[in-house]
1. What whole-number volume per residue, in cubic angstrom, does the convex hull of the C-alpha atoms of region 159-265 give?
2. Quick one: Debye curve from the alpha-carbon atoms of the chain only, equal weights, vacuum; give me log10 I(q)/I(0) at q = 0.14 Å⁻¹ to two decimals.
3. Taking the Kirkwood radius as the inverse of the mean 1/r across Cα pairs, report the Rg/Rh of region 210-287.
4. Could you tell me the calculated FRET efficiency between Lys60 and Lys203, based on Cβ-Cβ distance and R0 = 30 angstrom, to the nearest 0.05?
5. Please compute the modelled spin-label separation between Ala233 and Gln161, points set 7 Å along Cα→Cβ, answer in nm with one decimal.
6. For region 92-221, what D do you get in µm² per second when you plug the Kirkwood radius from alpha-carbon pairs into Stokes-Einstein at 20 °C and 1.002 mPa s?
7. Please count, across region 4-202, the pairs of lysine residues with Cα atoms under 21 Å apart that sit 8 or more places apart or on different chains.
8. Nearest 0.05, what FRET efficiency do Glu85 and Leu320 give at R0 = 56 Å with Cβ-Cβ as r?
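The numbers here are math on the coordinates, done by the rules we state, and not lab data. Worth saying up front: this structure is predicted, and the values here are computed from it rather than measured. Cβ placement follows ideal geometry from the backbone for every residue including glycine, while neighbour counts extend to all protein chains displayed.
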Amino acid sequence: MNTRITKMLGTRYPIVQGGLAYLAYSRLASAVSNAGGLGQITAMSLETPIHLKEEIRKTKEMTPFPFGVNFAIGQHGRPYEHMVEAAVEESVPVISMTGGNPAGIFRMLEGIPVKKLVLVASARQAIKAEQLGADAVMAVGQEGGGHIGRDDIGTMVLIPQIVDAVSIPVIASGGIGDGRGLMAALALGAEGIEMGTRFIATKECEHAHPSYKEALVNGLETDTAVIKRTLGAPGRAVANSWTNLILSREEEGAAYEDLKGLISGERNKSYIYEGKADEGFGWAGQVMGRIHDVPSVGELMDRIIDEAIEIRSKWAKVGLEK
C-alpha cells in the first residue's frame, strides 16, 4: 500500500499506533514497526530524559524499522523541552504532538530532519498545523478514545473536511480498528490511519492490565463515557463506576480543583495498570464495540491488510456507470 504516508514514514503500511499515555513503550512500538506500521513511544509518561533515551534505545534494538515518539503536550502541565531534546539527541525519525499548542516543539525542531505529525480535531487546527510546518496531520473524530475535539464531529464528516482544507497528507483516527476502517479512511481522502484503542487489546501492550483488555473485548460501542467536557478537554473512556463519579461531579458544577484528584494520571494508572475499575479510569474509543479478541500485533496487522485486500478486490468488481 503506497501512499504519501508510507513514503514519508518509510513504512510498509499506512498505519500509525497512537501515543497511548502510560502504555506505549518499546515492546509495543517495536512490534508495530516490525509488522509494517509506525510504532510510537509515549514520551511524557516517562519520568526523565534518561528514561526516554532508554526506551528509544530498547526500541532500536528490537526493530530496524522507523518508529516515532509522541509528546502529549498538556499532560500534567509538565515542561516538555528537555524530553524533546532527548528525542532529538537519539535521532528519532518521527515526532508526533497531541493535546496542546505544538508551536514550541516546532521551534525546537527547526532545521532538524525529523517528520512532524500533529493530532487535530478540526479543519482550523489542521490548517494551523500545516502553517507551523507539520508534515502530516492525524485527524481524530469524536468516536476516538482519549482526548477528542470539542465540536463532536464524527470521523466520516471530519476527514474529508480536513483533506479539503490542507495540502499535506491526512491520517484518519477515531473509530478505526480493522481493514474496513482503513479502506473507509482511504475512500474519504485520508492517506493512512492511526489506531489507539485497538492496539491496547494486543499481547504486546504488556502494561495494560488484563481487566482493561477484557473490558475492551467484552464492551459495546455504547460502553464509553466522555469525561472532562466541562473543563473544555473532553476525553472518551471505558464507562465504569469511576467515570460515573466524575460525570456526577461535573453535573454538580465542580471546578478543576475539585476534579483533579479524580482525573489525574494516578487514577488513570490505577485502572489501566491494576484493573481497579472502582478507583480509576481507562481511555477507550467507541471502536471497543468492534474488538473481540487480544491477538499479537503481527496477527492484527495481517488481518487488517488481508481484509483491506479483500475489500479492494470487491470494489474492482463493482460496476459504476454515469
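1. Spread over its residues, the Cα hull of region 159-265 gives 149 Å³ apiece.
2. Computed log10 I(q)/I(0) values: -1.07.
3. Result for region 210-287 is an Rg/Rh of 0.95.
4. 0.90
5. Inter-label distance under the simple model: 2.3 nm.
6. Using the Kirkwood radius from Cα pairs, D works out to 139 µm²/s.
7. Eligible lysine pairs with Cα atoms under 21 Å apart amount to 10.
8. 0.60
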